[in-house]
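Colleague: I'd like to ask you about the structure that follows.
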Amino acid sequence: MFTYVLSIKFLVFTTIILCIVSGCGDPADKKIPRTKMVQIYADVLIISNSLGEVEKSPEYAEQLDSVLSVHGVDRELFNATLEYFQQEPKRWKDLIDRVVLELENRRDQLRESSANRSSS
């Protein structure tokens, strides 16, 4: 009986250690923080729009890699984060709402700077 209890304790302890070492669950470093993802996704939408949404083209892939590089992330992390947000409709809607606000802010800033240049 004693060895059975000892074996169970060892098994539980080993499982806990393996989870900690291997990163069980959803650690924060496996996805891009929301505020950074908003910036990245806004940039991705801009390049998609400027290229006519030809996401399979080599030019799109090159531009996407460039945007991701500027933000210090790779495609694997970007895609995993995108999938994380898309898994839950509420989370996805929140991200998209924030991206829309970000794009509107950028548009307003461009208009202001354009108006300031033309009035000078």
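We did not get these values from a lab; they are worked out from the coordinates using the rules stated. Note that this is a predicted model, so its numbers are computed, not measured.
Colleague: State the extension gain, in nm to one decimal, for the chain segment bounded by residue 101 and residue 30, taking 0.36 nm per residue of separation less the distance between their alpha-carbons.
Modeller: Numbers: separation 71, 0.36 × 71 = 25.56 nm, distance 2.53 nm.
Contour length minus Cα-Cα distance gives 23.0 nm.
Colleague: Quick check: convex hull of the Cα atoms in the range 31-119, volume per residue, rounded to a whole Å³?
Modeller: Details: hull volume 9.6 nm³, N = 89.
Per-residue hull volume (Cα only) is 108 Å³.
Colleague: HN-Hα J couplings of the range 78-93 from phi, Karplus 6.51/-1.76/1.60, θ = phi - 60°, integer Hz, Gly and Pro as x?
Modeller: 4, 5, 5, 5, 4, 5, 4, 5, 6, 5, 10, x, 5, 5, 5, 4
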